[in-house]
Amino acid sequence: MGEGATLPGFARRTMASYDFREIEERWQRAWEAQEMYRVPNPGDPGFDSTKPKMYILDMFPYPSGAGLHVGHPLGYIGTDIFSRYHRMRGANVLHPMGFDSFGLPAEQYAIETGVHPRLTTESNIANYTRQLKAFGFSYDWDRQLETTDPEYYRWTQWIFLRLFDSWFDVEQQRARPIAQLVEELEYGLRSADGVMWQNVPEPERREYLDSQRLAYIDEVPVNWCPALGTVLANEEVTVDGRSERGNHPVYQRPLRQWMLRITSYADRLIDELEMVEWPESVKTMQRNWIGRSEGATLIFDIEGHDPMRVFTTRPDTVFGATYMVMAPEHPLVDEITLSAWPDGTKPSWTLGIDTPRDAVAAYRLVASRKTDLERQIEDREKTGVFTGSFALNPLTGEDVPIFIADYVLMGYGTGAIMAVPGQDERDWEFADAFDLPIVRTVEPPSDFDGDAYTGTGPAINSGFLDGLSIPDAKVRIIQWLEANGAGKGTVTYKLRDWLFSRQRYWGEPIPILHGPNGELLAVPDDELPLRLPEVDDYRPHASDDENADPTPLLARASDDWKHVEIDGVPYTRELNTMPQWAGSCWYYLRYLDPHNSDLLVAPEAEQYWMGEHGIDLYVGGVEHAVLHLLYARFWHKVLNDLGHVGTKEPFGKLFNQGYILADAYQDARGVYVPVEDVVETQESFSYKGEEVTRTYGKMGKSLKNGVSPDDIFDEFGVDSLRLYEMFMGPLDTSRPWSTKDIVGVHRFLQRLWRNFIDEDTGDVLVSDTPSEGELQVLLHRTIEAVSKDMESLHFNTAIARFFELNNALVGLDRVPADIADIFPRLLAPMAPHICEELWHRMEKEGSVVTAPWPVCDKSLIAQNTATMVVQVNGKVRDRIDVPIAITEDEAVALALASERVQAHMRGAQPRRVIARLPNVVSLVV
RNA sequence: GCCGGGGUGGCGGAAUGGUAGACGCGGCGGACUCAAAAUCCGCUGGGCGCAAGCUCGUGUGGGUUCGAGUCCCACUCCCGGUACCA
């Protein structure tokens, strides 16, 4: 870097000034050469089994072309400090890093430029690695992994085949190998949907088994995104019905796709959250997403047709079910729709159309054209049409009309409801619009003047349920339904099975072969990895036509790759790829044993590092609450069921770091402009001469407001940046970036340097004698406070303690020996480079990285005096220094003797005295 | 609408029911300097007061308590998630 002239702040440079760039780069090279952060596995040379283990993990990044900005490493700095702290505390610390490198951006870039995604990915990873190393992070780089590495995705495919080879045993609530299902079927311990296995002919046997697998193909309504040329999982679609990546419109349509049976694990995914130490908000988000609700399925007979099944959480209200609704797509609709309106049909029920058949067809057409977004915009006004048919309410014995309406969704419950307008706001609105009867079955309070009443109260108009509370009535009616064959207690979930196929290129090929008769054949384990074939065009078969069929990109692979002959039978390869999430579902396991070519992970390594509760600290953004974190838990549970891992949950403790926010600028059209090219003028901002408006948001590519760490390194150094990001606030809150504020922590480091080093001579300014008195007390208080803050990740307050200790050293000729020994060790996890440099200049033994964490001398911080506050009528009137062991009598006497106190007592005697010694004496007059 | 989380100086933020505003940024004043930067010292929530000091003050309104930023009730605003989920 240049001389002081370009950096006015540091013009006065001498040989012995704080040359942070030189120091930081030199120590980073030294640490790498010494393999300082390498941690051996059990059985490896140098492994010390007497040390406790700590597995401290970051959510690995997608290596984007834009490189890191200063917002990315916020969590990484936190885990690095925590890792360094635990190393000094004597733990075996596993702290790895890798890259989640399959995914859309590299492929989009390939589409634009023709550059193979592998090349883009490689250069991005190289850049990310350089940037991460420049932060001085203490990763064990020997364990680095990339999800795009065939030696990695070999095991991703292997896990997929375990899912394919397993089924979920509902009684045991766990996955088991499908071979065991076949055995039990053959021994007659089970039947195939009620049919004895001997009586099932071969093609049906295969179809039955395929339908039981955890990875299966099914035709389901899926989210189809024409702009991306692929289908997406529910979790990848936003509230607005758009793709999470790219914000493109998404359409619902039925398609045959690979699915993973995550719904089998719904209960365990909820219940086993009890086992982990996670932010309550993330647990709640997962519970809400799984959406377990308990209720009942009721059977309503329809004369001359199959009965209608409905799910409700309020079976106690069935006496108030005055009409029925099916989703427009419900399969029973065609069957029950009449060809003529029955007598008594109200005109408002018919859409003004001559026959039910035409009316239903017209309504369905309109409903199918509405997107989810349009449904919202229309403010949920209730629409629908009568089918002409009636169902029998089994409790009231009355015939009630059956409608179709788009407020009932095919995707939830049974796709049909019993409508109880008295207790449901939506049903009330519909009943109101269609002039349907309303019967209250729960008595509202006397002052209730609303429409539907959803609160608690005794049952009314409900025959044998009258007078019962809602919970009692539910129990009673379910007993009745089960006794009379009219229904049963049921649990439903919002969670859908995980749509696992993508029609894109840059992902793991699904290792399945399709036979001539539709049979599915797994690629044998010993033929993995099934490598991603080359194609000459990465453009998806994108289309603006929402009805265009999705075509997998691997259809462009060579015929050699696509067609395989086994024993004379021609097979074709599965052409879909896996979603982005596949690789991140298990990467934390591969770090444990990254070079194992025989096993996903050796059992000894897995047992040691995962221990009883899995990963000791997992830090990442909250945006993965229902994506990665849910998917990974699901895979982990399957691997646990099949005996490949020892814990039920992978992530014992989760922590969500906040985001770094920054100003952003938009031009007149609302387009974001690069923040580095915006010029501040008098009271306004301009970009290329055009006025722009300032906004504010999460730092990143989309707002074009990223700040590169490289620039900060040059101007302030790595240690300053690390300290600054930690000092901005608690790790779990978002905070605004302000480059000019870095100067505060930078001054701290400059001051620290000058306290230890004579800038003119380079002499080390350390005394032979230790500190005494208040300074010694301050030192030990600092040890105590910083140690506590380290455990709880409260790095901002720890740094404030460092400032105080450092400021106390200013003005001393020399740093007392004990402080010189302890201070660099306390600070080393946060600012490792300057501490290592001071450590060596003082000629201390070894590296500060492996030095033991200082211990606080409690006898020194146990003070013998304290400041006692005297309150009169609750207001602080005086502060008196008192011995710590002061008695109540002495304290009260002292308080009453105070002139200030007396002034506020106005000669009166206290009516009441409360003493919390030695801190407070409170007098009440 | 429902479910989480939050509201403290000009700004970022500290405060086991017991001294509100630690620490930092910014600001003001001073020392050093020909000058500036850097560095060092002091001050810095509002109001009243020459001062000692008094008084108000943690989104709003109530409550519990000797004492409330902290606990309880109601409201309000902001952030995140989710939504015709029966």
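Using the per-residue mean of other Cβ atoms lying within 10 Å as a proxy for protection, in what order, highest first, do the peptides A:86-98, A:405-417, A:426-438 fall?
Per-residue mean Cβ counts within 10 Å order the peptides as A:86-98, A:405-417, A:426-438.
Identify all lysines with a Cα-Cα distance to A:K346 below 30 Å; exclude those on the same chain that are fewer than 8 residues away in sequence.
Within the straight-line limit of under 30 Å, A:K346 reaches these lysines: A:K370, A:K382.
Taking the Cβ of A:D763 as the center, what net charge do the other residues with Cβ under 15 Å away carry, scoring Lys and Arg +1 and Asp and Glu -1?
Values: positive: A:R754, A:R814, A:R841; negative: A:D758, A:E759, A:D760, A:D768, A:D813, A:E837, A:E843.
With Lys, Arg at +1 and Asp, Glu at -1, the neighbours total -4.
Between A:Y591, A:V569, A:P579, whose Cα lies farthest towards the positive end of the dipole of segment A:542-625 when Lys and Arg beta carbons carry +1 and Asp and Glu beta carbons carry -1, centred on the Cα centre?
A:Y591
On the first, second and third principal axes, largest extent first, how far apart are the outermost C-alpha atoms of chain A in Å?
Principal extents (largest minus smallest coordinate, Cα): 103, 90, 70 Å.
If I fit a long axis through the Cα atoms of helix A:742-756 and take the longest principal axis of the Cα atoms of chain A, what angle between them do I get, 0 to 90°, rounded to 10?
Approximately 40 degrees, to the nearest 10.
Stretched out fully, how many nm does the piece from A:V115 to A:Q909 gain, at 0.36 nm a residue minus the Cα gap?
Length difference between fully extended and current span is 277.0 nm.
Give me the distance between the Cα centres of segment A:262-323 and segment A:630-704, rounded to whole Å.
34
Which of the listed residues, A:Q503, A:S49, A:G241, is farthest toward the dipole's positive end in chain A, when Lys, Arg count +1 and Asp, Glu count -1 at the beta-carbon?
Checked the options; the winner is A:S49.
Per DSSP H run of n ≥ 4, the term is -39500 (n - 2.57); total these for chain A, divide by its residue number, and report the mean residue ellipticity at 222 nm rounded to 500 deg cm²/dmol. Walk me through the intermediate numbers first.
On the way: 29 runs with 301 residues, N = 925.
After summing the helix terms and dividing by the residues of chain A, the value is -9500 deg cm²/dmol.
With an 8 Å cut-off on Cα pairs and a minimum separation of 6 or more residues, tell me the relative contact order of chain A in percent.
So the answer I get is 14 percent.
What's the local net charge at A:L600, with K and R +1, D and E -1, over the other residues with C-beta under 12 Å away?
Numbers: positive: A:R154, A:R162, A:R590; negative: A:E151, A:D525, A:D593, A:D598, A:E606.
Once all neighbours under 12 Å are counted, the net charge is -2.
Where both residues lie in segment A:180-306, what percent of DSSP beta bridges are antiparallel, nearest 5?
100
Measure nothing fancy, just the Cα-based angle from helix A:628-641's long axis to the longest principal axis of chain A, in degrees from 0 to 90, nearest 10.
80
Would you mind ranking A:V182, A:V638 so that the residue whose beta carbon has the fewest other beta carbons within 10 Å leads the list?
Ordered by Cβ neighbours within 10 Å, fewest first: A:V182, A:V638.
Could you work out how far helix A:773-791 tilts from the main Cα principal axis of chain A, as a 0 to 90 degree angle to the nearest 10?
Rounded to the nearest ten degrees, it is 20.
On a straight-distance basis, which lysines could pair with A:K283 in a cross-link, Cα separation under 20 angstrom, same-chain partners fewer than 8 positions away excluded?
A:K494, A:K637, A:K648, A:K653
Using +1 on the beta carbon of Lys and Arg, -1 on that of Asp and Glu, and nothing else charged, what's the dipole of chain A about the Cα centre, debye to 20?
With Lys and Arg at +1 and Asp and Glu at -1, about 2220 debye.
Which whole-number percent is the relative contact order of segment A:741-828 (Cα, under 8 Å, 6+ apart)?
Details: 67 pairs, mean separation 36.8, N = 88.
Relative contact order for segment A:741-828 comes out at 42 percent.
How do the peptides A:68-81, A:185-198 rank, highest first, by the average count of neighbouring beta carbon atoms within 10 Å per residue?
In decreasing order of mean packing, A:68-81, A:185-198 become A:68-81, A:185-198.
Sorted by packing (mean other beta-carbon atoms within 10 Å per residue), highest first, where do A:488-500, A:37-49 land? Show your work: numbers first, answer last.
Details: A:488-500: 18.2, A:37-49: 12.7.
The most tightly packed comes first, giving A:488-500, A:37-49.
Assign unit charges at the C-beta atoms only (+1 for Lys and Arg, -1 for Asp and Glu), then state the dipole size of segment A:629-709 relative to its Cα centre in Debye, rounded to the nearest 20.
Dipole about the Cα centre, nearest 20: 640 debye.
Each reported figure results from applying straightforward, stated rules to the coordinates on display, with no laboratory input. No experiment lies behind these values; they were computed from the predicted model shown. We place every Cβ from the backbone using ideal geometry, glycine too, and count neighbours over all the protein chains shown.
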